[in-house]
Structure formats: structure tokens, C-alpha cells
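Only one structure is covered here, and it is reproduced in the block below.
The values are calculated or read from the model by the stated rules, or taken from the named source; none is laboratory data. Source: prediction; values computed, not measured. Positions of Cβ are backbone-derived with ideal geometry, glycine not excepted, and every protein chain shown enters the neighbour counts.
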Amino acid sequence: MEINAKQDERKVKTRNILAYGCGDFFGGGSFLIISTLFMVFLTNVAKIPPQYAAIVVLIGKGWDAISDPLFGILSDKTKSKFGRRRIYFLLGIIPIIISYALLWNSVKINSLALKVIYYTFTYSLFSTVFTMVMVPYNALVSEMSIEYKTRARLSGAKMAFSQFSALIAGTVPGFLVNNVYKGNPQLGFRVVGIIFGVVYAIPWIFVFLGTFEQKNAPHEVSTLTLGESFKELKSLLSNKTFKIHIEMYLLAYVAMDILSTSFIYYATYYLFKADSFYYFLGVFLLAQLLSLAFYIYFSNKHGKATAYRIGATIIIGVMILFILLLKPTSPTYLIIILCIIMGIGFSAIISMPWAMLPESCDVEILCHGKDRSGAVAGMFTLIRKLTQAVVLWIFGNVLAIVGFNADLAQQTPLTVNTIRILFNIIPLILMIFGLLASKKYKVNPHTFKIARTEIERIQNGGDKKDISEENKTVIEDLTGHNYN
């Protein structure tokens, strides 16, 4: 398939970058509210024991993971006058509002089994809607531009909106529930669901109107059936860059999942500062947001893996300080300082894997000669969400095993120490492995340029045999295959 010259690309303007970026206002905020508050909502408000709350998350996340490659494949196969990705932005607007409102609705059901069924259904419904818009959205960046710096700006705008949304999600819902609706948390969570359902739906109007798919972007529609396409997905894992990318992503996001889920328990039952939790989370998220511009600039100069390593190193250091310094008697300012440092570290490990996604798509073309950006985006989140489902299921069961009781203001020493391990030790270990994984990632501005040049050369009729030895070595290092 032939690709036009770079100069024939439609120019990506600032308004297009902003329009694309605002889509992740939904992605960055919606699941942060879920990761920080949903387990507490289930155990403390819906009165579901933690081991059963974990089942809700396991099934909901399991379906979420399965639906990712499904919508990746569907978007790859879609034909519409609006493009194969953008049509899903329109289709998702109303379902986002409905599904998010239902998720936080406190139902008056006495049966524990029926409660579990209700919240499993609503979580699965929301996950389906989320996947329907976010998988095509994540794939779209590869089709808006082939330029490294333009893609970095698109990814940077995406992460800026994501982290700004996370800042709001980490503070406003908690303020509403614990202050405005302190005497009626059921109503507070219901209001949060309705307000944020609307807030997360509106940006998709701007994403749809302000983005585009390049005319010279590959638009070959697969003739494979869905079943055959699912079988084909396993070939993605033979992509060396993609495998390392997935490893870095999983380690970063599992660390974030565990930390964000356990943070409120840690602040409430170890530090005894439940009222200050949203200040801690707020400064943590603000530090993430303000650090993002530095990491985008740095990654354009020195590579995204190098930026990731800086973040991982900061997290390793600050988690050690959490272990050594923090006690229930620690002053609030010390906790805030450590949260700021932690946010600076997490800014890199959360943003860089998403910024790397177009690179995995490009290396996939070199591996198998196909543009499968939708499938790559789907598999990318499939593996992560399956892992997240298992991790959060384990988290809920661990709380149950160590005797967590939502009706107790002070938990047993075993419960408190377990919460400390979950919050401090596990993310520390994961980031050590993340740091090691990042050293294997070979895409940087120089190797990316070689990869893109080779893709364009081959797609314009060039022969693989004509590649220089230096470039061949780079391509083989990226793909993990003999290029000839």
C-alpha cells in the first residue's frame, strides 16, 4: 500500500491538538474517581464486604479487558463518512452520561447477591462505553500525523488534559461527598455520577469536530472475521518494542492502581488524616500536571524511555522516604511535600507509555507490514486491564483476609500493617522493575526517524534489500526480527 509524501499531509494545527487532547479529560478523570473511590463506595456506602466488592471489580475489569481488542478490531474494520475512528466519538456521548450516573447510584436492595449483580452490570456497562470511545481515540494519533514531534505534541496535549482532569477528579468528588453531602454520602455519590457523566461526555463533541484522519493514512479494511482477527492479535506480542512497551506500561499503571486504591485507606487508618486525604491527593495530582511540560520537552530531546527512567527513580526514592519518615504523628506539611515529589515521579511513568503508543504502531508495520493501530491500542489496554482486574481482586481479598471492617474507625494492627505494605512496598518493587525494563526500550528521536524513513521507503515501492547495514541493525533491534 502506498503512502503519500510527508508534504502531502494535512497540517496539524494548534486547535487540532487541543481538540484531540481534550478527549482524555474523560480517560484521565473517570477511572481516577473509580480507582480512588469505587472500592470505598462499595464497602462503606453500598455495604458490600471487600471480598465481594473485589468480585465486582474483577468481572467488570475482565469484561473491560476483553472488549478492548474487540473495539480495536471493529474500528480498524469500520467504514463511515466520518472515518473509521471518529464515528465512535459521536456514538459514545449519551451512553457516557447514562453509564457513569448508574455506576454511582446507591440502590436500596437488601440482597447482597443482587447488589453484587447490579454493580457488576453497571461497571461492565461503563467499561464498554469507555472502551468504545477510548480505543479508537488512542489509535487516532497515529493517523493524524507521522511526525515524531507532532505526535509528541498530540500525546502531550492528551496527557495535559488527562492530568488536569485527574486533578479535578481527585479533589472535587471527595469534597462533594465529604463536605457538601457529608450527612448523606449516598446522595453525594449520586450527584457525582450525574455531574461527571455530563462533564465527561461534552468534550467528545470537540474531539469529533476538531480532529481528522489523514487522507494518506492507511485505510485498508481487514477482510478477516472477528474470530480470525482475535487469533491474529497474538502476533502483536512478537513485536519486541511492543513487548517492552507493555512491560513498562503494566509496571507503571499497576503501581498507580495499587497506590491510588490504597491511598485513602492509608490516610484514614494509618495516618488518621481522612479529612486531609483530598489535599494530599490534590497536591500529588497538581505536581503531576505541572511536571508534564518538562517531561514532554525532555522526551523530545532525549527519548521517552529516558524520561520514564527519571520518573521511576524519583518514585523509588520517595517511597523509601514514606517508609522511613511517615508515622501517625507526622506533620501534615511533611506528607504534602512527599506527595508533591511522588506526583513529579508519577507524571513521567503515567504519561510516557501513552506517548510511546504510536511508536509501537510504527514498529508493528515494520514487523508485519500492516497498519494495525487499532489492534495495537486494543491489545495494549487488554493486557493492562486483565492485570488490573486481577490486582484489584487480590486487593479486595487481602483486605478481607486481614480483617478489614468498614464499621471500625480503628483497624487491627495486622490490617494497618497490610495497608502500609500495599501502599509503600508494592509500588516500590514495581518501579524497580520498571526502571530495569526501560533500559531495554530502544526507540528515541534518532531511531524513530530511521523507522519512519524505512516505512515510507517500503510503502513507496522500495526493496528491503536496499537498506543500509546501520539502518538494518536499528530496525532489527526495534522489531526483534531478522529484517530480510
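Some notes on this structure:
- Residue count for segment 121-147, restricted to those that are more than 21 Å from the chain's Cα centre (by Cα) and either buried (at least 24 other Cβ atoms within 10 Å of the Cβ) or touching a residue at least 24 places away in the same chain (Cβ under 8 Å) (or both): 3.
- Among residues that are assigned to a helix (DSSP H, G or I), farther than 30 Å from Ser142 by Cβ and either of a type in the set (D, E, K, R) or in contact (Cβ under 8 Å) with a residue 40 or more places away in the chain (or both), Ile55 is included.
- Among the residues of segment 296-310, none qualifies, meaning not one is without any contact (Cβ under 8 Å) to a residue 24 or more places away in the chain, of a type in the set (A, V, I, L, M) and in a helix (DSSP H, G or I).
- Within segment 1-36, restricting attention to residues that are closer than 30 Å to Tyr119 by Cα and either among the β-branched types (Val, Ile, Thr) or not in a helix (DSSP H, G or I) (or both), the residue that is modelled with the lowest pLDDT is Thr36.
- Residues of segment 182-211 satisfying the condition of being surrounded by 19 or more Cβ atoms within 10 Å (Cβ to Cβ), hydrophobic (A, V, I, L, M, F, W, C) and closer than 19 Å to Val133 by Cα: Phe196, Val199, Ala201, Trp204, Val207, Phe208
- Being in a helix (DSSP H, G or I), free of Cβ contacts under 8 Å to residues at least 60 places away in the same chain and farther than 23 Å from Met342 by Cα is a property that does not hold for Arg452.
- Ile315 over 15 Å from the mean Cα position of the chain (by Cα), surrounded by fewer than 23 Cβ atoms within 10 Å (Cβ to Cβ) and aliphatic (A, V, I, L, M): no
- Matching option when the condition is within 17 Å of Ser142 (Cβ to Cβ) and either aliphatic (A, V, I, L, M) or more than 19 Å from the chain's Cα centre (by Cα) (or both), among Lys77, Lys81, Lys47: Lys77
- Condition check for Leu334: free of Cβ contacts under 8 Å to residues at least 12 places away in the same chain and either in a helix (DSSP H, G or I) or in contact with a strand residue (DSSP E or B) (Cβ under 9 Å, 6 or more places away or on another chain) (or both): yes
- Within segment 382-403, no residue that is closer than 18 Å to Phe423 by Cα and part of a helix (DSSP H, G or I) sits with its Cβ atom under 6 Å from a residue that is among the acidic types (Asp, Glu) and at pLDDT below 80 at 6+ positions apart or across chains.
- Pick from segment 66-106, criterion in a loop (DSSP other than H, G, I, E, B), of a type in the set (S, T, N, Q) and modelled with pLDDT under 90, ranking: farthest from Lys47 (Cα to Cα): Ser80
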